[in-house]
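The values are calculated or read from the model by the stated rules, or taken from the named source; none is laboratory data. On a predicted model such as this, the values are computed, not experimentally measured, just so you know. Cβ: placed from backbone, ideal geometry, glycine included. Neighbour counts: every protein chain shown.
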Amino acid sequence: MQPFPFRLLPDSSEIVDGRLHIGGCDVIDLAAEFGTPVFIYDEQQLRDRCREAVSVFGDGVAYATKAFLCGAMAKLAHDEGMHLDVATGGELHVALTAGVPADRIVLHGNNKSMRELRMALDAGVGRIVVDSFDELDRLDALHAETGATPKVLLRLTPGVKAETHDYIATGHDDSKFGFTVSTGLAASAIERARASDSVELVGVHAHIGSQVFVVSSFAKAAAVIAEAAAPYGLAEMSVGGGLGVPYVADERAPTITEWGTAVLEACRNAGVTAQISAEPGRSIAAAAAITLYEVGTVKKLRDIRTYVSVDGGMSDNPRPVLYGSGYEAFLPRAVEADRPDTVTIVGKHCESGDVLVRDAAVPADLAVGDILGTAVTGAYGHSMGSNYNKVLRPPVVFARDGDARLVVRRETYDDLTRLDV
């Protein structure tokens with residue numbers, strides 16, 4: 001088996017004296033300092049991807065915080081010129097606490113509660129993306145109560161089935177999200193919002209799914225929502241996010257620039273004159289991080305399989321369990337080594353399904369006590385993590401210019417009982 005595909009590592013990765021460095025920091029030293037499991041982010045890469053998105057889409061582009069959010073990430077994205085896309089009151093609270101101005105925040109969600117909508121109105125968020133007629137009813141009630149008239153976009157469902165996992169496809173007609181174009185719901189919603197005193201309709205929005213590699217799917221969706229909105233002369237149109245990233249050796253994906261160029265061209269070809277915005281998340285954060293674990297057991301079952309157990313698992317990366325997602329593994333002490341052995345890397349949870357990498361290629365000398373890494377873990381690891389089996393959530397470290405800073409501390413056992421009454 002060939003060495004680990006170096007292109008899957010963060011941009012600043014380099015080998016120094018045989019060991020992996022990210023952001024000028026020796027990652028094995030970081031594992032010793034901060035413990036394992038630990039998320040290590042290339043901070044400069046996060047900044048560079050934010051800047052790339054702004055350069056393509058302009059000031060209206062928003063970072064999709066569901067991919068990865070903490071106070072430091074919210075501040076970083078804002079500092080680099082992005083708006084922030086939040087989908088719950090919790091994400092909104094983190095963004096506001098980080099100092100992001102409310103008018104730079106876009107609130108999403110298919111079932112926003114009255115509390116969340118009131119929170120958004122009180123803060124003065126820049127946009128609310130309305131997902132249902134029930135939500136319009138709630139905004140009517142809040143307008144009667146407060147007099148607030150928020151700027152809104154309507155989320156339209158374009159009827160485009162993205163080539164991705166069914167659980168993360170959102171643009172087809174059979175979806176819990178948005179107003180379906182093909183059934184006439186989109187037109188009805190636009191007419192109602194335009195006539196309403198409770199909202200100021202400024203545009204439309206669509207999102208076809210996540211981890212999408214085929215740029216033409218985005219272009220097709222953009223053309224559909226452009227046609228649906230054309231009669232109304234709306235000022236804004238968001239094409240959402242969902243651009244895929246490569247996780248394993250044989251995957252390739254468009255860059256943010258390639259994606260944005262194709263989408264903007266499709267909009268121009270459709271005669272769109274509205275301001276076009278987008279909401280990249282995974283493509284900003286995913287490839288910027290690795291997760292480090294310590295190997296605890298190596299269990300060889302003759303003629304069956306070798307299990308390598310690490311000190312994390314489905315609690316810090318649920319994607320393999322949820323979606324069957326693939327990853328590559330490596331040893332930071334020997335990134336360039338051949339990987340002739342095939343093992344199954346598993347977590348420490350009381351589940352047979354707690355698998356991180358089903359068929360991982362690893363060096364022949366992998367042993368108990370080794371620091372083992374998985375790459376492209378910057379999105380939907382920390383954000384989808386859990387305390388299953390009451391494990392402690394890992395810390396998050398940003399590395400840049402030889403300096404590593406802790407931005408999320410590791411939980412303690414006392415944190416596990418802090419909410420008990």
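Search region 79-101 for residues being crowded, with 17+ Cβ neighbours inside 10 Å and over 16 Å from the mean Cα position of the chain (by Cα), and hand back the single one that is nearest to residue 139 (Cα to Cα).
Looking at the filtered set, the residue picked out is 89.
Just checking, which of 29, 48, 79 is without any contact (Cβ under 8 Å) to a residue 60 or more places away in the chain and closer than 30 Å to residue 310 by Cα?
On the way: 48 fails: closer than 30 Å to residue 310 by Cα; 79 fails: closer than 30 Å to residue 310 by Cα.
Selected residue: 29, the only one of 29, 48, 79 that is without any contact (Cβ under 8 Å) to a residue 60 or more places away in the chain and closer than 30 Å to residue 310 by Cα.
Within region 48-65, is even one residue surrounded by fewer than 24 Cβ atoms within 10 Å (Cβ to Cβ), in contact with a Pro (Cβ under 8 Å, 6 or more places away or on another chain), assigned to a loop (DSSP other than H, G, I, E, B) and on the phi > 0 side of the Ramachandran plot?
no
Output the residues belonging to region 317-355 that are crowded, with 20+ Cβ neighbours inside 10 Å and of a type in the set (Asp, Glu).
328, 354
Against the definition (farther than 23 Å from residue 255 by Cβ and either touching a residue at least 60 places away in the same chain (Cβ under 8 Å) or surrounded by 17 or more Cβ atoms within 10 Å (Cβ to Cβ) (or both)), how does residue 19 come out, yes or no? Before you say what the answer is, go through the steps one by one.
On the way: farther than 23 Å from residue 255 by Cβ: yes; either touching a residue at least 60 places away in the same chain (Cβ under 8 Å) or surrounded by 17 or more Cβ atoms within 10 Å (Cβ to Cβ) (or both): yes.
Against the criterion (farther than 23 Å from residue 255 by Cβ and either touching a residue at least 60 places away in the same chain (Cβ under 8 Å) or surrounded by 17 or more Cβ atoms within 10 Å (Cβ to Cβ) (or both)), residue 19 qualifies.
Just checking: which of the helices (runs of 4 or more DSSP H) contained wholly in region 164-272 hold 1 or more residues that are modelled with pLDDT of 90 or more? Explain how you work it out, then say what you get.
On the way: elements: 185-195, 215-229, 256-269.
Those helices (runs of 4 or more DSSP H) span 185-195, 256-269.
Based on what the data block shows, is residue 149 modelled with pLDDT under 95 and either in contact with a Pro (Cβ under 8 Å, 6 or more places away or on another chain) or over 25 Å from residue 381 (Cβ atoms) (or both)?
Values: modelled with pLDDT under 95: no; either in contact with a Pro (Cβ under 8 Å, 6 or more places away or on another chain) or over 25 Å from residue 381 (Cβ atoms) (or both): yes.
Criteria not met by residue 149.
If I ask for residues that are crowded, with 18+ Cβ neighbours inside 10 Å and of a type in the set (Asp, Glu), which ones from region 362-416 would you list?
Result: 370, single match.
Quick check on region 306-315. Is at least one of its residues assigned by TED's automatic domain parsing to the domain that holds residue 84, buried (at least 22 other Cβ atoms within 10 Å of the Cβ), farther than 24 Å from residue 130 by Cα and out of contact with any Lys or Arg (no Cβ under 9 Å at 6 or more places or on another chain)? Quick ask: steps written out before the conclusion?
Initial filter on region 306-315 (assigned by TED's automatic domain parsing to the domain that holds residue 84): none.
So far as region 306-315 goes, no, none of its residues is assigned by TED's automatic domain parsing to the domain that holds residue 84, buried (at least 22 other Cβ atoms within 10 Å of the Cβ), farther than 24 Å from residue 130 by Cα and out of contact with any Lys or Arg (no Cβ under 9 Å at 6 or more places or on another chain).
Pick out the one residue from 294, 258 that is more than 30 Å from residue 191 (Cβ to Cβ), free of Cβ contacts under 8 Å to residues at least 60 places away in the same chain and not aliphatic (A, V, I, L, M). If you could, list the steps in order and put the result at the bottom.
Numbers: 294 fails: free of Cβ contacts under 8 Å to residues at least 60 places away in the same chain.
Result of the check over 294, 258: 258.
If you take just the strands (runs of 3 or more DSSP E) that sit entirely in region 274-323, which of them hold at least 3 residues that are of a type in the set (A, V, I, L, M) and under 24 Å from residue 25 (Cα atoms)? Explain how you work it out, then say what you get.
Values: elements: 275-277, 289-301, 305-310.
Fully inside region 274-323 and qualifying: 289-301.
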